[in-house]
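Asks: Mind having a look at this structure? Questions to follow.
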Amino acid sequence: MDAGLVVYALYLAAIYGLMAIGISLLWSSVGMVNMAHGATFAIAGYAAYFAAIWGQPLVRDLLGTTGWDIPALAVFISLVALLAGALFGIIIYLVAFLPIHDKQNFAVRSLIITLALNLATVQMLLWAFGPQQKALPRVFGTGRFTALGMSIRIDQVVTIVATTLLLGSVLAWLRRSRKGLEIRAVMQNAEGAALCGISTRKTALPIMMLTGALAGLAAVLLSQNVFVSPTAGVTPLIKGLTIALLGGLGSVPGAVAGAVLIGFVEAATGAIPFLGQRYVLFVQFTFIVCVLLIRPRGIGGLLDETRE
């Protein structure tokens, strides 16, 4: 596998990992499978698109064509997408968690409500913007550079670095901050955390905002190569869910490992002449099924243990 293919695999792993980690965090902390994660992705994509339209002339007026205008626009678009994802996370919290979190069969009820919210959001976006696809400006770089004799795209490297820094910051926040300690306590033992005065209701809100922000960043990064549309979140949602299951639902390290594996499987499948992109999903799901047959609880092994 050449260097260009390795970088492409890590690029895919970075984007899919953002979705899978968000799904795993929600399940391990509040026992909720968020089927509206794809809607968050689409909402953040449109927020980034309009931020690019409105922000591009403002950035050029302020910075001109000095070379700093493109990085500044990239930061602005990313921040808007992060904010939009976090705000939609609040909506999910108010609609799908707060009214039913203490009711029986919460996991099933929340799954149905978030699925309904996802479908309603897609229909709302179709009504508001139509099915036409929108393109984000290439603000993360359009050129290539040569490394180890291989031509590598700049935007892929920027995506890998940005995702690594963000996830590293999130994990450091979870490990070192007081709120992060409360979240980890709820993840390990919700009943014990409640006895210590840690409210699941209050802890769920920052988690949903955080996972929504991760989906927002994934929308910006992936929309550099695909288009923004009302149904743009369908494939990332499916891949996020399957990667979370592959890694062990509830295991953040497992989700990272699963994302890397799926990224390499997709990149390698696309590079094989007699397979190509047409068989990517087939090969991916075959690989996931084989792993789960051997290890039903996934790579991280937390599927059955997290919510006990």
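Derivation of every value follows stated rules applied to the coordinates shown; laboratory data play no part. What you see is a predicted model, and the numbers here were worked out from it, not measured in a lab. Every residue, glycine among them, receives a Cβ derived from its backbone with ideal geometry; neighbour counts consider all protein chains shown.
Asks: Which of M19, M35 comes first, and how do the rest follow, when ranked by fewest Cβ neighbours within 10 Å?
Replies: If I rank by nearby Cβ atoms, fewest first, I get M35, M19.
Asks: Once amide H atoms are placed 1.01 Å from N in the peptide plane, what residues at a sequence separation of 5 or more from M35, or on another chain, have their amide H within under 5 Å of its amide H?
Replies: T114, L115
Asks: Name the most mobile residue of I53, I183, I288, meaning the one with the largest mean-square fluctuation, in a Gaussian network model of the chain with Cα contacts below 10 Å.
Replies: I53
Asks: Given the Cα-Cα distance of L5 and Q132 and 0.36 nm per residue of separation, how much length would full extension add, in nm?
Replies: Residue separation times 0.36 nm, minus the Cα-Cα distance, leaves 42.6 nm.
Asks: A follow-up question, please. Can you pull the one-decimal nm distance between simple spin-label points at I90 and W54, each 7 Å off the Cα toward Cβ?
Replies: 1.6
Asks: Which lysines, if any, have their Cα less than 17 Å from the Cα of K179, not counting same-chain residues under 8 positions apart?
Replies: Cross-link targets: K202.
Asks: When the helix-only estimate is applied to the chain (DSSP H runs of n ≥ 4, each -39,500 (n - 2.57), divided by the residue count), what is the mean residue ellipticity at 222 nm, nearest 500 deg cm²/dmol?
Replies: -24000 deg cm²/dmol
Asks: Rounding to the nearest 10 and keeping the result within 0 to 90°, find how far the Cα-based axis of helix 37-63 lies from the longest principal axis of the chain.
Replies: The helix 37-63 is inclined about 40 degrees to the chain.
Asks: Right, next: Would you mind calculating the gained length between T146 and L119 on full extension (0.36 nm times residue separation, minus the Cα-Cα distance), in nm to one decimal?
Replies: Here the answer is 5.3 nm.
Asks: Still on this model: Roughly what angle does helix 280-294 make with the longest principal axis of the chain, taking Cα atoms, 0 to 90 degrees, to the nearest 10?
Replies: Helix 280-294 sits at roughly 30 degrees to that axis.
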